[in-house]
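A.B. asks: First the structure, then my questions, so here it is.
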Amino acid sequence: MAETIQSSEVGPDMAYYLGINPKEADRISKLAPFVQAKELGRLEAKLLSEPATKRVSSAPDPIAVSKSRGTSSPTFDTTDPRSIKSMTATQWIDAERLRQAKKMEAKIR
């Protein structure tokens, strides 16, 4: 059975079908090898004739990210790798120095 499923163009779909239908898989496994191939051929034809149905998710829409309305200079988080892509080297150095200074000041207090 495994060789027949592997050689099929819809092998993963066949394996999935047999996985969710264990009685059918057990029935086919008890047949003679030639008859197994014949049954798997029928299953392959069935899977090829049925169009794949797309499931529609019942999940809610994603939350919209709110943008700040301030016009002040942008703040950068130097510990976030994503913010590094939007910063110049000078901006990163300045932001990192400011972060380190705030960190040291917090330790002193």
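The values are calculated or read from the model by the stated rules, or taken from the named source; none is laboratory data. Here the structure is a predicted model, which is why all the values come from computation and not from measurement. Positions of Cβ are generated from backbone atoms using ideal geometry, with glycine treated the same way; all protein chains shown enter the neighbour counts. Ligands, DNA and RNA are stripped out before the accessible areas are found, and what is left, the full protein with its side chains, is counted by its heavy atoms. Shrake-Rupley method; radii C 1.70, N 1.55, O 1.52, S 1.80 Å.
A.B. asks: Give the residue list of trypsin sites (Lys or Arg not before Pro) in the range 12-68 that are DSSP loop and have at most 14 other beta-carbon atoms within 10 angstrom. Numbers along the way, then the final one.
C.D. replies: Working: sites: Lys23, Arg27, Lys30, Lys38, Arg42, Lys46, Lys54, Arg55, Lys67; in loops: Lys30, Lys54, Arg55, Lys67.
Sparse-neighbourhood loop trypsin sites (Lys or Arg not before Pro): Lys30, Lys54, Arg55, Lys67.
A.B. asks: When only the heavy atoms of the protein chains count and the probe is 1.4 Å, how do Met1, Met104, Met87 rank by accessible area, highest first?
C.D. replies: Result of the area sort, largest leading: Met104, Met1, Met87.
A.B. asks: Please work out the average accessible area per residue across the chain, using the 1.4 Å probe convention, and give it in Å².
C.D. replies: Accessible surface, normalised per residue, equals 88 Å².
A.B. asks: Rounded to the nearest 10 Å², what accessible area does Ile93 have for a 1.4 Å probe in the complete protein model?
C.D. replies: 80 Å²
A.B. asks: Extension gain Glu105-Ile20, at 0.36 nm per residue separation less the Cα-Cα distance, in nm? Walk me through the numbers before you get to the answer.
C.D. replies: On the way: separation 85, 0.36 × 85 = 30.60 nm, distance 6.12 nm.
Working it through step by step, the gained length comes to 24.5 nm.
A.B. asks: Looking only at the range 77-95, which residues have a backbone nitrogen under 16 Å from a spot 7 Å from the Cα of Ser66 in the C-beta direction?
C.D. replies: Answer for this model: none.
A.B. asks: Turning to a different aspect of this structure: Of [x] 46, 33, 23; [y] 80, 28, 28; [z] 53, 39, 17, which is the value of Cα extents along the principal axes in Å derived from the coordinates here?
C.D. replies: Working out Cα extents along the principal axes in Å from the coordinates points to [y].
A.B. asks: Sticking with this structure for a sec: Rounded to the nearest 20 debye, what is the charge dipole size of the chain about its Cα centre when +1 sits on each Lys and Arg Cβ and -1 on each Asp and Glu Cβ? Working shown, then result.
C.D. replies: Details: 18 positive and 14 negative charges, 153 e Å.
Taking the Cα centre of the chain as origin, the dipole is about 740 debye.
A.B. asks: Still on this model: Figure the gain on full extension for Ser7 and Arg82 (residue separation times 0.36 nm, minus the Cα-Cα span) and round it to one decimal in nm.
C.D. replies: Details: separation 75, 0.36 × 75 = 27.00 nm, distance 4.39 nm.
In short, 22.6 nm is gained.
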